[in-house]
1. For residues that are facing chain A (nearest Cβ under 9 Å) and within 16 Å of ligand 2 (Cβ to nearest atom), scanning just segment B:84-124, find the one that is most open to solvent (accessible area, probe 1.4 Å).
2. Do we find a residue being of a type outside the set (A, V, I, L, M), assigned to a loop (DSSP other than H, G, I, E, B), away from chain A (no Cβ under 13 Å) and within 16 Å of ligand 2 (Cβ to nearest atom) anywhere in segment B:174-190?
3. Are there any pairs with C-beta distances below 7 angstrom linking a residue in segment A:122-143 that is under 24 Å from A:LEU222 (Cβ atoms) to a residue that is part of a helix (DSSP H, G or I) and open to solvent by 80 Å² or more (accessible area, probe 1.4 Å), with the two at least 6 apart or on different chains, and if so which?
4. Which is within 14 Å of another protein chain (Cβ to nearest Cβ), surrounded by fewer than 24 Cβ atoms within 10 Å (Cβ to Cβ) and either of a type in the set (D, E, K, R) or away from ligand 2 (no atom under 16 Å from the Cβ) (or both), of B:GLU144, B:GLU170, B:GLU193?
5. Does A:VAL301 count as more than 14 Å from every other protein chain (Cβ to nearest Cβ), of a type outside the set (Lys, Arg), away from ligand 1 (no atom under 16 Å from the Cβ) and open to solvent by less than 20 Å² (accessible area, probe 1.4 Å)?
6. Of the numbered conditions (1) among the hydrophobic types (A, V, I, L, M, F, W, C); (2) under 26 Å from B:VAL125 (Cβ atoms); (3) surrounded by fewer than 22 Cβ atoms within 10 Å (Cβ to Cβ), B:VAL67 fails exactly one; give the number of that condition.
7. Mind checking whether some residue in segment A:237-249 is assigned to a helix (DSSP H, G or I), open to solvent by 70 Å² or more (accessible area, probe 1.4 Å) and not assigned by TED's automatic domain parsing to the domain that holds A:MET81?
8. Which numbered condition trips up B:GLN127, out of (1) within 13 Å of another protein chain (Cβ to nearest Cβ); (2) in a helix (DSSP H, G or I)?
Amino acid sequence: MLLKIAWRNIWRNRTRSIVVITAIAIGLLAGVFASAFMQGMMRQKIESVIKLEMSDFQFHRPQFTDEFLTSLYIPNADQIMVEVEQEPTVAGTSGRLISMGMVGSARRSGAIRIMGIDPAKEALVTGLNEKVVDGTWFEGASRNPLVISRKVAEKYGVDLKSKLVLTVQDLDGEIIAGAFRVVGIFDTGNGMFDEMNIYVRQDDLRALMRIEAGVHEIAVSLTDHDMAEPLAAKYRAAHPELEVLPWLDLATGMRYMIETMDVYLYFIVGIILVALLFSILNTMLMAVLERVREIGVLMAVGMAKRKVFGMILFETVMLTMIGGPLGLLLSWGMVSYFGQVGIDLGGAYNDLGFASIVYPYLDIRSYFEVAIMVAVMAVIAAVYPARKALKLIPVEAIRTQ
Amino acid sequence: MTNYVIETKSLTKTYEGIVPVYAVRGADVTIEDNEFTAIIGPSGSGKTTLLNMIGGLDRPTSGSVKVNGHELTGKTDSELIDFRLKHIGFVFQSYNLIPVLTAKENTEFIMLLQKIPKAQRDARVEQLLGEVGLADKMDKRPTELSGGQQQRVAVARALASKPDFVLADEPTANLDSASASNLLDIMARLNKEEGITFIFSTHDQRVIDRARRVITLEDGVVVRDERR
Ligand SMILES: Nc1ncnc2c1ncn2[C@@H]1O[C@H](COP(=O)(O)OP(=O)(O)OP(=O)(O)O)[C@@H](O)[C@H]1O
Ligand SMILES: [Mg+2]
């Protein structure tokens, strides 16, 4: 009966209730969608960081990533890769010779990171072969083939079959140049990455750098990103002479960004909920003040205080429980829809390493947490009006008309 | 010694203020079972204040109220609420009913608070609304009922808890004379046939004429108490 009374009371002032319910629904929608947008963007960024830039974890000689000295290579790389490939979640490993060198065309020259890779193995790790938009990923036999990004192609004014001169430092510190021909052009959508890296066959670079065996970097990609940290830790212990780092530590600021993201969701939804809390509180307070006499009569004829309290509480919670799920449902619908279709930012954040089409995403756990936050908010919003109702003195309440 | 339904001793209520108001002064009132009593007196004479103290809605400044031997003074607010639920039926001047509940639900509500099982509730609601002549209006909400009909539902609700007595503060004040007379008929019949004790305050001479006992207040003092 209390529930029945509470329910009917909500619809006594239909407009007011609908306004509050709509406010709750729209507020949640805004908060959840904004969070999903950020989370989606972040997730794509992580995906791209893992896939393209950092893999799940990598091996280097200590200091290599600071100084990029040709001499800091891992001699027993092949043996380590064989070892790592035994792990069940490993999708691929790729050994890379890396030279911070120069690239020059007829038009201009500049600094670049030259990656000497095994095309088949690299494909398993970065999937770069699928990003080739023109030409091929090292298919067909040609001498000194080179794969560059569309960005680099534009910058240096070259195209397929153009010749570029790469300059690297060999083991003895000598500067050596070699001519390479463009056989493929890729575009990953990650501007920063594309601008920085060009790819050649490992053996070609090996000859230039005069490193007989071994590579500078072993990148490992996993089917389960959560295994990155434990596996990195395991191999760090097994190879104390090497630096073995998971992606979270390889990408500067990544760990921080991800942690901030979670806080961001709570923050944004939190602010919206506080605003809603006051609007609900206000509505319920008005509802109580309008019904002073009625509540007085209820207490006069013997309704216990805790039931009066419960009645107001139910009413508030019901109000929220209509708006809340409605908002969550709307959010879910919108996030799912745009999660499929994507939101085109028109490349504005491309150069920051973010994709140009964002697919909003929110995990089930976050919806659940928002739902709990809403429920807690409802109860908090209910307490003050309900207490106000309790403080009524029946004799006085009944005298008011 | 007679067992009184209500027994007040030197019941006094003073409202402190710049000028203190002596709303009720040293009232000694005893009501026996099955009485049909009107409390009358000019406006401001203390009728409402007296009834409220008897009903455990208001606390006396001094003196005592006993209902069926239970001392009301000294009970906590929550104990008083519970006591009212179990022992006293209330009919107020107007707006007695919960607007969102039907006549049936308004009556049933009190029994629900008393945790009376559903079958028993249904039977009693039907019987009570029948007795006040509203068997056909069970599912109407207060707004769909006339003032007189609303007061009759209030009487049914007051009786639902099988109280020791029913207190009614000016139950007919907002009713036209036909409805007032009809309400009094019902109350008088319930008093006669079912032995329900009623105490009501009124200004209305025609209502006073129906009472079997009339207690007159003037300036908070009981000046006359006649049975007929
Ligand atoms: N809360 C209060 N504070 C101060 N004075 C009060 C209060 N309630 C009642 N009074 C005063 O107490 C006196 C008795 O009031 P009460 O309402 O009991 O009279 P009444 O006989 O019921 O009058 P009426 O016929 O107008 O209903 C009046 O002088 C009134 O002004
Ligand atoms: Mg009065």
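1. In this case the residue turns out to be B:TYR95.
2. Applying the first criterion (of a type outside the set (A, V, I, L, M)) to segment B:174-190 yields B:174, B:176-177, B:179, B:181-182, B:185, B:189.
With assigned to a loop (DSSP other than H, G, I, E, B) added as a condition, the list becomes B:174, B:176.
If we keep only those that are away from chain A (no Cβ under 13 Å) as well, we get B:176.
Applying the additional criterion that residues be within 16 Å of ligand 2 (Cβ to nearest atom) yields none.
No, segment B:174-190 contains no residue that is of a type outside the set (A, V, I, L, M), assigned to a loop (DSSP other than H, G, I, E, B), away from chain A (no Cβ under 13 Å) and within 16 Å of ligand 2 (Cβ to nearest atom).
3. So the pair list comes out as A:THR126/A:LYS51; A:GLY127/A:LYS51.
4. On the way: B:GLU144 fails: within 14 Å of another protein chain (Cβ to nearest Cβ); B:GLU193 fails: within 14 Å of another protein chain (Cβ to nearest Cβ).
The conditions single out B:GLU170.
5. Working: more than 14 Å from every other protein chain (Cβ to nearest Cβ): no; of a type outside the set (Lys, Arg): yes; away from ligand 1 (no atom under 16 Å from the Cβ): yes; open to solvent by less than 20 Å² (accessible area, probe 1.4 Å): yes.
No, not satisfied.
6. Going through (1) among the hydrophobic types (A, V, I, L, M, F, W, C); (2) under 26 Å from B:VAL125 (Cβ atoms); (3) surrounded by fewer than 22 Cβ atoms within 10 Å (Cβ to Cβ) one by one, B:VAL67 breaks only (3).
7. Residues of segment A:237-249 assigned to a helix (DSSP H, G or I): A:237-238, A:247-249.
With the extra rule that they be open to solvent by 70 Å² or more (accessible area, probe 1.4 Å), the set shrinks to A:237, A:249.
If we keep only those that are not assigned by TED's automatic domain parsing to the domain that holds A:MET81 as well, we get A:249.
Checked segment A:237-249: at least one residue is assigned to a helix (DSSP H, G or I), open to solvent by 70 Å² or more (accessible area, probe 1.4 Å) and not assigned by TED's automatic domain parsing to the domain that holds A:MET81.
8. (1)
The values are calculated or read from the model by the stated rules, or taken from the named source; none is laboratory data. This is a predicted model, so every value here is computed, not measured. All Cβ positions, glycine included, derive from the backbone under ideal geometry; neighbour counts span all protein chains shown. Surface accessibility is based on the protein's heavy atoms, side chains included, excluding ligands, DNA and RNA. Shrake-Rupley method; radii C 1.70, N 1.55, O 1.52, S 1.80 Å.
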